[in-house]
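Trainee: Let me give you the structure first, and then I'll get to my questions.
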Amino acid sequence: MAGLWPADRGGELVAIDCSLAAYQGTSMLYLLDSKRRASGPISLRIYQDQGSGVPEPTRTTVVLGTLSFSPRSRSLAVRDLSRGAGDCGMYSTFRLVGTGLVPTVARAKTCDGKPPYDPGRWPQLTLLRTPRATSGG
């Protein structure tokens with residue numbers, strides 16, 4: 001499902017659906033400023049499973065999973081389930097800072113049919129840092 005959420009200074013964070021599937025799809029994220037000018041797609045540093053069953057760090061503009069955004073905390077959550085039972089996958093959160101999304105939490109759990117089922121309680125992964133922009137001179 002596409003999303004449209006209030007961001008900063010009258011702008012909005014927009015999630016555009018790219019593909020849909022049984023329990024999650026892919027999306028691309030954009031920022032609209034108060035004059036409705038778009039920037040993006042926003043690139044995320046996130047973990048993904050490339051088919052090996054092991055979370056691997058990557059940078060992508062096409063986000064797999066279910067997205068939710070909290071305008072109050074300026075936080076985006078991405079829940080990427082490995083199967084419909086919801087007992088495994090990856091869970092990442094980001095904070096909207098300026099025109100980018102900075103990783104704040106990364107978690108993953110292998111498929112074993114055992115708790116915890118709450119992605120917020122899955123084991124933490126090493127946090128992926130987004131390199132800071134440097135000014136040329």
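Trainee: Given Cα pairs under 8 Å that are at least 6 residues apart, what percent is the relative contact order of the chain?
Mentor: 16
Trainee: Quick one: what are the phi-derived ³J(HN,Hα) couplings along segment 20-29, Karplus 6.51/-1.76/1.60 with θ = phi - 60°, whole Hz, x for glycine and proline?
Mentor: 10, 9, 4, 10, 6, x, 10, 9, 10, 10
Trainee: Where Rh is the Kirkwood radius over the Cα pairs of the chain, the temperature 20 °C and the viscosity 1.002 mPa s, what D in µm²/s does Stokes-Einstein return? Could the numbers behind the result be given before it?
Mentor: Working: Rh = 15.6 Å.
Reported coefficient: 138 µm²/s.
Trainee: Quick check: net charge around ARG79, other residues with Cβ under 15 Å of its Cβ, Lys/Arg +1 and Asp/Glu -1?
Mentor: 0
Trainee: Restricting to DSSP loop positions (anything but H, G, I, E, B) with no more than 13 other Cβ atoms inside 10 Å of their own Cβ, which chymotrypsin sites (Phe, Trp or Tyr not before Pro) remain in segment 81-130?
Mentor: Filter output for segment 81-130: TYR117.
Trainee: While we're on this one: Which residues' amide hydrogens lie under 5 Å from the amide hydrogen of GLY25, considering only partners 5 or more residues apart or on another chain, with H built in the peptide plane?
Mentor: GLY65
Trainee: Whole Å is fine, so just give me how far the alpha carbon centre of segment 6-41 lies from that of segment 51-130.
Mentor: Cα centroid of segment 6-41 versus Cα centroid of segment 51-130: 17 Å apart.
Trainee: Further question on the same structure: Dipole of segment 3-121 (Lys/Arg Cβ +1, Asp/Glu Cβ -1, origin at the Cα centre): which of THR60, GLY10, VAL102 lies farthest to the positive side?
Mentor: GLY10
Trainee: Moving on. About the Cα centre, and with charges only on the beta carbon of Lys, Arg (+1) and Asp, Glu (-1), how big is the dipole of segment 26-66? Nearest 20 debye, please.
Mentor: Dipole about the Cα centre, nearest 20: 320 debye.
Trainee: Sort 5-12, 59-66 by the packing proxy (mean of other Cβ within 10 Å over each peptide's residues), most packed first.
Mentor: My ranking of the peptides, most packed first, is 59-66, 5-12.
Trainee: Separate question: Quick one: net charge around GLN24, please, counting Lys, Arg +1 and Asp, Glu -1 for every other residue with C-beta under 15 Å from its C-beta.
Mentor: Summing Lys and Arg as +1 and Asp and Glu as -1 gives -2.
Trainee: How would you rank ILE42, ILE16, going from fewest to most other Cβ atoms within 10 Å of each one's own Cβ?
Mentor: Ascending Cβ contact count within 10 Å gives the list ILE16, ILE42.
We did not get these values from a lab; they are worked out from the coordinates using the rules stated. None of the values given here were measured: they were computed from a predicted structure. Glycine gets a Cβ as well: all are built from the backbone with ideal geometry, and neighbour counts include every protein chain shown.
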